[in-house]
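These notes are about the structure you will find just below.
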Amino acid sequence: MKKTTTLMVTSIFAAGSLLFAACSDSDVNQEPAEENTSNQGNTDENEHTQTNDEEDETIGENDGEDQMDLKVGDTAIMHSNISSFEFTLNSVEMVDEVDGEMSDLDAFVAASITIKNIGDEPIDAKENAGLFEYTADLDGSGFGDEAEYTEDYQDGAVEGELAPGEEVTGTALYTSYIDDENYIRVKAGTAATGLINNAVFTFSEDELIK
């Protein structure tokens, strides 16, 4: 009887050990699979995040670049803290008299410009055109647009609200000294704030004489 009992206990113990071993093997085989799936998900998410970061960085690098060597006929792409627009310098012309009067300096400069709204919100054309000035010396002061204050040019002055995608062409009138090289640029004080990228158009005295 003792032998039979002992044999039964031994058999039960052996069966239990086998069952425990089988369960352990099953757990070992399953857990890495779950970890691999989780790690794969994290890897995909990290790659997606990295791709988005790279795209954002590329956009940032192309946005608001300074454009310092523009010529007559070129377009400056401008991005400020409140607007995005194009400023195209179509032509420049030296004018001796405005409203029957000579310039207090060397001459007047009439510039045909086009403002185009490339942002998502309406913009004021006059306000954005007014970010630019004329100068004959990049290290000196500049002169703003006076077209709206004259009888000869006020009707053609740059003005009006522009919806996204709209543009307007008009004349900006500057008075200044005339030199071998002359410039229309973002106002020095405005560019220095860093709230808008810088742009400079350069043209010779010969280009002013028609």
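The values are calculated or read from the model by the stated rules, or taken from the named source; none is laboratory data. On a predicted model such as this, the values are computed, not experimentally measured, just so you know. Backbone-built Cβ (ideal geometry, glycine too); neighbour counts: all protein chains shown.
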Elements of type helices (runs of 4 or more DSSP H) in region 93-210, at least 1 residues being surrounded by fewer than 20 Cβ atoms within 10 Å (Cβ to Cβ) and among the hydroxyl-bearing types (Ser, Thr, Tyr): 188-192
Name the single residue that is modelled with the highest pLDDT among those in region 54-73 being surrounded by 15 or more Cβ atoms within 10 Å (Cβ to Cβ) and assigned to a loop (DSSP other than H, G, I, E, B). Val72
How do the pairs read when you match residues in region 131-144 that are in the same structural domain as Thr88 (by TED's automatic domain parsing) with residues anywhere that are outside any strand (DSSP E or B) and aromatic (Phe, Trp, Tyr), using Cβ under 9 Å and keeping only pairs 6 or more apart or on different chains? Thr135/Tyr177; Ala136/Tyr177; Asp137/Tyr177; Gly140/Tyr177
